[in-house]
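This report concerns only the one structure given below.
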Amino acid sequence: MKNTLRTTDANAPAAPVQPLTTEARPVQQHQRRNPPIAGELTAISQAQQGDGAAFEILYNMHKRRVYSLCLRMLGNVAEAEDLTQEAFLQLHRKISTFRGDSAFSTWLHRMAVNVVLMHLRKKGLQLVSLEETLEPTQEDGPRKDFGTRDLTLSGSIDRVTLERAVEELPPGYRMVFVLHDVEGYEHNEIAGMLQCSIGNSKSQLHKARMRLRSLLRQNMGGRAGA
Amino acid sequence: MTNQTTNASKECSKFQQQLPEFFDSEVSMSDQPHLKTCANCSALVRDLEYIAVQAKLLLPIHDPSPVVWQNIQSVLTKNLHNDEQKS
Ligand SMILES: [Zn+2]
């Protein structure tokens, strides 16, 4: 089986000092997943000139993505709504600085991520636990006597189940999992956002997936036993 | 027999400790020698790959409540008034 988990070199230097042109940069996974929306460019340039109706159009184009991002990162509706509001207010303040170096959605989502992270830091939440080492398979991993081959997840989980399992992850795990596996950020980007090392981001992601596996398998076991 | 089991789980530990790097390397998982002989770790890798693939399919499904836009609008209107009073 081909390793499908990566797309570009996460070990590349974090910030190449180059002029940022859209053509010259490798298309990030995040950007590919957020193709431009029809009418967006017009709305952006009108909103940049202070057109309130155009700003509302932009809000309606992007509210679902931004809210879902906040909700998945925070796991809490009230906070997610507050921070969606904050992200769009920040967008309103900063929209005149958008130059089109990246896709608008990429720019906006990054802004939303920063709003959420700032909020969590203010709350004193430790985003990435530095002390935790990766203990191989005490409870999360396969056991020899477990009949693992019979219990492969493949083909067994639907979106709702996965969504619920993601909600159950501890905040630090959930953050890296949402940023990398759901939103498509690279480890070097996440390391920058969370102010941790790339290795730390990788190990946190791994632990998150291991925990998810264990949650999903419990779920499977529960269903099989029911 | 006991000795063999210990060796096998040592191999598994070693392999699993390196997994975060393996997932993020250019080398294809299927070329990892340990996976050719270990069904447990193969199942583990399959599951983790499956989770990552499924995660990419998680779409945004929820809209924020209409109150969010109302709040944004009222803040923007207030800011506008303040700006006008200043000038
Ligand atoms: Zn093994």
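For the range B:27-47, enumerate the residues that are within 15 Å of the ligand (Cβ to nearest atom) and among the charged types (D, E, K, R). It would help to see each step written out before you state the result.
Step one: list which residues in the range B:27-47 are within 15 Å of the ligand (Cβ to nearest atom), which gives B:29-30, B:32-47.
Correct list: B:LYS36, B:ARG46, B:ASP47.
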For this session: Report, by residue number, each residue of the range B:27-46 that is within 7 Å of chain A (Cβ to nearest Cβ) and not hydrophobic (A, V, I, L, M, F, W, C).
Result: B:SER28, B:SER30, B:ASN40, B:ARG46
Seminar exercise, completed: Filter the range B:13-23 for residues that are at the interface with chain A (Cβ under 7 Å from one of its Cβ atoms) and near the ligand (Cβ under 10 Å from one of its atoms); the one that is nearest to A:GLU186 (Cα to Cα) is B:GLN16
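To keep it simple, each residue is scored yes or no on (1) buried (at least 17 other Cβ atoms within 10 Å of the Cβ); (2) of a type in the set (A, V, I, L, M, F, W, C); (3) facing chain A (nearest Cβ under 7 Å); (4) within 11 Å of the ligand (Cβ to nearest atom).
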residue	(1), (2), (3), (4)
B:SER25	yes, no, no, no
B:GLU49	yes, no, yes, no
B:VAL53	no, yes, yes, no
B:LEU59	no, yes, no, no
B:HIS81	no, no, no, no
Exercise. Just a yes or no: is a residue in the range A:148-171 under 16 Å from the mean Cα position of the chain (by Cα), facing chain B (nearest Cβ under 10 Å) and within 20 Å of A:ARG110 (Cβ to Cβ)?
Worked result: no
Exercise. Given A:ILE37, A:ILE57, which one is farther than 23 Å from A:ASP181 by Cβ and at pLDDT 95 or above?
Worked result: A:ILE57
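Each row is one residue, and each column tells you yes or no for (1) surrounded by fewer than 19 Cβ atoms within 10 Å (Cβ to Cβ); (2) at pLDDT 90 or above.
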| site | (1), (2) |
| --- | --- |
| A:ARG149 | yes, no |
| A:ASP158 | yes, no |
| A:LEU162 | no, yes |
| A:VAL166 | no, yes |
| A:GLY172 | no, no |
| A:HIS180 | no, yes |
| A:LYS202 | no, yes |
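The values are calculated or read from the model by the stated rules, or taken from the named source; none is laboratory data. Quick caveat, the model's predicted, so the values are computed rather than measured. Note: ideal-geometry Cβ built from the backbone for every residue, glycine included; neighbour counts use all protein chains shown.
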